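What follows is a short report on a single structure.
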Amino acid sequence: MARLEDLDDRSPRGIAGTLARQIRQGELSPGDRLPTVRHVAATLGVSPATVSEAWQALRRAGLIESRGRAGSFVRTEPKPWLSPRVQGLVGYVEGLPLDLSRGTPDPALLPPLAPALRRVRPTADTNVYQDSPVLPELRDVLASTWPFEAEVVTVVNGAQDAVVRTLEQVVGFGDRVAIESPGFPAFLDMLDVLGAEIVPLDLDAEGVTVASLTRALKGKPAAIVLQPRAQNPTGVSMSPRRAEDLARAVRRARSTAIVIEDDHSGAISVGEDVSLGRWLPGQVMHVRGFSKSHGPDLRIAALGGPSELVDRLVARRMLGAGWTSRMLQTILLDLLVEPASVAAVEVARRTYAERQAALCSALAEHGIELAVPDGINLWLPVADERGALVQLTTLGIRAAGGTPFLAPGPEESGNGGDHLRVTAGLVETKAASHVAGALAAAATAGAVRYGA
């Protein structure tokens, strides 16, 4: 540990920032015991209450943990059943006034399930093991809103399940996969598990750039993973023009790569419903999730694409999970057609858009100019990621660090650097000014207080 007495800033934030930097840079390792509060207070010539406040901030940031009389220790890796990048996102802290780290929807904006449960419970058929894995009525409703004419539409256990199962079908060890950076951490971890070589794709205001995809296609990737709307973490939605240009790049390269589109927030997105499948129907597996719009615990998503690939995926599922519960399918069908539920999702879509606009407007008052994102997440550039996280926790707010969202490799479009992902969809309009002030302080003070 660096000499504490050399600290210039001996406030709780200054002390916490120094310790956070030492943990991030490896000067302190998981499991290391920290000096006692009284020892640090005597060394720095400050009150024990000042040091205690710094230790509390580090605990709220998930960097240290208390073991009672044994003292405080640098936190070890939590929840070993989670993949490496996802471990960097889990909420270590309970009880913070405002947790904006999880990327989850506002429960108050989800359509109520009780009416659907009352209506569907007597009708769902759960007794046939070898029947079609998707209810015909649900398939018809889904197909009627699909962004291209897919040969087969089925359902699986959530959008992540759909993407992962498709990757397992088309990616082998050593294959290249082009994927957005920043992108969804679980997909990056899955590609590591598959032994794939990750090829980062750059983003701008209209989605993945044509230049980065053209560059990636030279390596003959087996798959291309895209988020067409409300991209996680940036909130970018792909324009129809960009979708057509990307499809043209794939055709021009004579690529046979399977394009996997994760439309996880479609129902609450204000972006246009776009898909490369309009121009490449035989190569696109399009996923439509309902967790953000209808409830994460429903664990259900739709998947549509070429029959050869969808049928192969369904056949593999039949040897394991089998099918997605027809009870859940019936509930989703009800939520998709029942007028009150449809209206509730539309209210949520408008509300998220208003909240994003309000927060961005408030950030602009602090000199942080951002394009208004789509969906529920905001990608905030900061001077120092860990320092910003620690400072936010002192203000009672938790966000997610940006590092887990970045693919390995050079960042050529400005998407790299230190960032926070903020679940802005949870910030009510009336709280936008307060939250923006905290975010701006964390974003700009990191360079001075914590270093880069």
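The values are calculated or read from the model by the stated rules, or taken from the named source; none is laboratory data. What you see is a predicted model, and the numbers here were worked out from it, not measured in a lab. Cβ sites come from the backbone with ideal geometry, for glycine too, and all protein chains shown count toward neighbours. Heads up: the accessible areas ignore ligands, DNA and RNA and are worked out on the full protein's heavy atoms, side chains in. Shrake-Rupley method; radii C 1.70, N 1.55, O 1.52, S 1.80 Å.
For the reader, a short list of remarks on this structure follows.
- Boolean, ARG316 is in contact with a helix residue (DSSP H, G or I) (Cβ under 8 Å, 6 or more places away or on another chain), under 17 Å from ALA431 (Cα atoms), in contact (Cβ under 8 Å) with a residue 60 or more places away in the chain and not polar (S, T, N, Q): no
- Residue check: ILE368 meets all listed conditions (1) open to solvent by 40 Å² or more (accessible area, probe 1.4 Å); (2) at pLDDT 95 or above; (3) among the β-branched types (Val, Ile, Thr) but one, namely (1).
- Number of positions in the range 297-327 that are open to solvent by 50 Å² or more (accessible area, probe 1.4 Å) and not charged (D, E, K, R): 7
- Of the candidates SER144, SER181, the single residue that is farther than 12 Å from VAL287 by Cα, within 18 Å of the chain's Cα centre (by Cα) and among the hydroxyl-bearing types (Ser, Thr, Tyr) is SER181.
- Verdict on GLY62 being buried (at least 16 other Cβ atoms within 10 Å of the Cβ) and at positive phi: yes
- A search for C-beta distances below 7 Å between a residue of the range 135-152 that is of a type outside the set (S, T, N, Q) and any residue that is open to solvent by 60 Å² or more (accessible area, probe 1.4 Å), counting only pairs 6+ apart in sequence or on different chains, returns VAL141/VAL337; PRO147/ASP273; PRO147/ARG278; PHE148/ARG278; PHE148/PRO281; GLU149/PRO281; VAL152/ASP311.
- Considering residues of the range 138-153 that are within 19 Å of HIS294 (Cβ to Cβ) and in contact with a helix residue (DSSP H, G or I) (Cβ under 6 Å, 6 or more places away or on another chain) only, the residue surrounded by the most Cβ atoms within 10 Å (Cβ to Cβ): LEU138
- Here is the figure for the range 182-214: residues that are in a strand (DSSP E or B) and of a type outside the set (D, E, K, R) total 7.
- Taking the range 274-286 as the range and being of a type in the set (A, V, I, L, M, F, W, C) and touching a Gly at 6+ places or on another chain (Cβ under 8 Å) as the test, the residues that pass are VAL284, MET285.
- Some residue of the range 195-210 being farther than 30 Å from LEU370 by Cα and either open to solvent by 30 Å² or more (accessible area, probe 1.4 Å) or not aliphatic (A, V, I, L, M) (or both): yes
- Figure legend. Inter-residue proximity from the range 25-53: first residues more than 12 Å from PHE73 (Cβ to Cβ), second residues aliphatic (A, V, I, L, M) and part of a loop (DSSP other than H, G, I, E, B), beta-carbon distance below 9 Å, spacing 6+ or different chains. Indicated pairs: GLU27/MET1; GLU27/ALA2; VAL40/LEU34; VAL40/VAL46; LEU44/LEU7.
- Residue in the range 270-290 that is open to solvent by 10 Å² or more (accessible area, probe 1.4 Å), of a type outside the set (Gly, Ala, Ser) and part of a strand (DSSP E or B) present: yes
- Consider the range 160-194 and keep the residues that are surrounded by 22 or more Cβ atoms within 10 Å (Cβ to Cβ) and among the polar types (S, T, N, Q). The one that is nearest to TRP379 (Cα to Cα) is SER181.
- Selected residue (only one of PRO408, PRO404, PRO373 is touching a residue at least 60 places away in the same chain (Cβ under 8 Å), open to solvent by 10 Å² or more (accessible area, probe 1.4 Å) and under 27 Å from ALA16 (Cα atoms)): PRO404
Every residue, every condition in (1) at pLDDT 85 or above; (2) open to solvent by 50 Å² or more (accessible area, probe 1.4 Å), yes or no:
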| residue | (1), (2) |
| --- | --- |
| ARG38 | yes, yes |
| ARG75 | no, yes |
| VAL86 | no, no |
| PRO97 | no, yes |
| LEU113 | yes, yes |
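- For ARG24: the one exception among (1) open to solvent by less than 50 Å² (accessible area, probe 1.4 Å); (2) modelled with pLDDT under 75; (3) closer than 30 Å to ARG102 by Cβ: (1)
- Residues of the range 261-308 that are among the β-branched types (Val, Ile, Thr) and over 21 Å from PRO133 (Cα atoms): ILE268, VAL270, VAL274.
- In the range 419-452, the residues that are at pLDDT below 90 and not in a helix (DSSP H, G or I): TYR450, GLY451, ALA452
- When the residues of the range 182-234 are filtered to those that are acidic (Asp, Glu) and touching a helix residue (DSSP H, G or I) at 6+ places or on another chain (Cβ under 6 Å), the one that is nearest to GLY172 (Cα to Cα) is ASP189.
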